[in-house]
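Heads up: the structure comes next, in structure tokens.
The values are calculated or read from the model by the stated rules, or taken from the named source; none is laboratory data. No experiment lies behind these values; they were computed from the predicted model shown. No Cβ is skipped: glycine too gets one built from the backbone with ideal geometry, and neighbour counts run over all protein chains shown. For the accessible areas, the whole protein counts, side chains as well, though only heavy atoms, and no ligand, DNA or RNA atoms are used. Shrake-Rupley method; radii C 1.70, N 1.55, O 1.52, S 1.80 Å.
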Amino acid sequence: MRGKFITFEGGDGAGKTTQIRLLAEALERARKTPILTREPGGTALAEEIRDWVLHHSSTVDPETEVLLMFAARSHHTSEIIEPALESGHWVLCDRYTDASYAYQGGGRGVPNHVIASLEAIATRGLKPDLTLLLDLAVDAGVRRTGSRGDRDDRFESEEFTFKERVRSAYHQVAANDPDRVVTLDASRPIDEIYEKIKNLVQERFGAPID
Ligand code: TYD
């Protein structure tokens, strides 16, 4: 049976990493053999692109940036995500196409129809079965990531208004696809958020997890 594809989205500091880990551990206990991956990244080539686009390319223009994101996504989708789903694994992915609508679309101003064309090429129509949007006010996210230091990337160091645009683009993504995208209040305690995620996964996929 084909596996489920679950993606996690949100601004920096929203707590995606923790929630992915908690869900992965529960799926392991339920013998669902989840595969954890991330974007940009997930293959050697896509990780190289990640390194460039997040850390080295301060002069990269928005069009180049969006093409690099989708080049990484194309490779990741065909090499890792599709084969894993096909062989029955559940794939938990830290960001996917919605992040491009939020960051390159909302943040950088790349038009949605451009992103949609690239999406069709790179994902071959693959959509997550469920997307968990961890929504957090920008100032709260900045406070949380403030202590990370060396993990700072080109997006984390963007100005407040950029992050506000990213957040509202995420809200738009959720409004456009309400069945797939579930928005969760990321200011709530970790275990409360996880409880919601667990219940959602159980309801939608009939997977008994604890
Ligand atoms: P992030 O997922 O926050 O990783 P970490 O937890 O290590 O900081 O970092 C990835 C960054 O890449 C994030 O700031 C958003 C950005 N990004 C895009 O701009 N577009 C995309 O399509 C994706 C997947 C990520």
Using per-residue counts of other Cβ atoms within 10 Å, averaged over each peptide, order 174-180, 50-56, 130-136 from highest down.
130-136, 50-56, 174-180
Count of lysine pairs in the chain with Cα separation under 21 Å (8 or more residues apart, or interchain)
14
Dipole magnitude of segment 112-203 about its Cα centre (Cβ charges: Lys, Arg +1; Asp, Glu -1), debye to nearest 20
140 debye
Please get the size of the charge dipole for segment 5-205, origin at its Cα centre, with Cβ charges of +1 on Lys and Arg and -1 on Asp and Glu, quoted in debye to the nearest 20.
440 debye
So for the chain, averaging the separation of alpha carbon pairs under 8 Å that are six or more residues apart and normalising by length, what relative contact order in percent results?
33 percent
Listed residue (Gly206, Val110, Ser187) projecting farthest to the positive dipole end of segment 64-210, Cβ model
Val110
Rg(Cα) of segment 5-205 divided by 2.2 N^0.38 Å?
0.97
Give me the 1.4 Å probe accessible area per residue for segment 48-163, excluding ligands and nucleic acids, in Å².
46 Å²
Ellipticity estimate at 222 nm from DSSP helix runs (n ≥ 4, -39,500 (n - 2.57)) divided over the chain, nearest 500:
-14000 deg cm²/dmol
Solvent-accessible area, 1.4 Å probe, carbon plus sulfur percent, for segment 5-205:
51 percent
